[in-house]
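Computed from the coordinates by the stated procedures, all read-outs in this text should not be read as laboratory data. Since the model is a prediction, treat every value here as computed from it, not as a measurement. Positions of Cβ are generated from backbone atoms using ideal geometry, with glycine treated the same way; all protein chains shown enter the neighbour counts.
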Ligand SMILES: [Fe+2]
Ligand SMILES: [Fe+2]
């Protein structure tokens, strides 16, 4: 799977979690935790890997994209602080839903296809591989400890 397909898949996961949180009675706290993780990891993957690569490939301003990320992060951190029983949970979820829809539209109709057109298939697959590694290092840091800690065999000897 290439980088843009991977990002679209992440968008779908995030939007499905928002829908389930808006409608499900069961396991809302668990769904909120999943949403927090998916959203924060997705934003990190884009800002650390896909956005810089896109800006090298095409002449594009990502100021609005980054501002929308900040807005979504503010909302999700508020939701994380007050939880599913927070007084304004429904209101915040609706706000998040709106900003995510707007942002996904902006990326899927603009940045993703435009950047993908200018990148080669190996480049897009290479980016996807880096995204997998970053995602794993954020969600399962214990599994990545060995590879991330390895600066060379002599590192712990001095
Ligand atoms: Fe995205
Ligand atoms: Fe984004």
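See the values below:
Conditions (1) away from ligand 1 (no atom under 14 Å from the Cβ); (2) without any contact (Cβ under 8 Å) to a residue 40 or more places away in the chain; (3) in contact with a strand residue (DSSP E or B) (Cβ under 6 Å, 6 or more places away or on another chain), marked per residue:
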position: 3; (1), (2), (3): no, no, no
position: 13; (1), (2), (3): no, yes, no
position: 28; (1), (2), (3): yes, no, no
position: 34; (1), (2), (3): yes, yes, no
position: 47; (1), (2), (3): no, yes, no
position: 50; (1), (2), (3): no, no, no
position: 58; (1), (2), (3): yes, no, no
position: 77; (1), (2), (3): yes, yes, no
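Yes/no matrix, rows are residues, columns are (1) surrounded by 13 or more Cβ atoms within 10 Å (Cβ to Cβ); (2) part of a loop (DSSP other than H, G, I, E, B); (3) in contact with a helix residue (DSSP H, G or I) (Cβ under 6 Å, 6 or more places away or on another chain):
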{"site": "4", "(1), (2), (3)": "yes, no, yes"}
{"site": "7", "(1), (2), (3)": "yes, no, no"}
{"site": "11", "(1), (2), (3)": "yes, no, yes"}
{"site": "20", "(1), (2), (3)": "yes, no, yes"}
{"site": "39", "(1), (2), (3)": "yes, no, yes"}
{"site": "49", "(1), (2), (3)": "yes, no, yes"}
{"site": "67", "(1), (2), (3)": "no, no, no"}
{"site": "70", "(1), (2), (3)": "no, no, no"}
{"site": "79", "(1), (2), (3)": "yes, no, yes"}
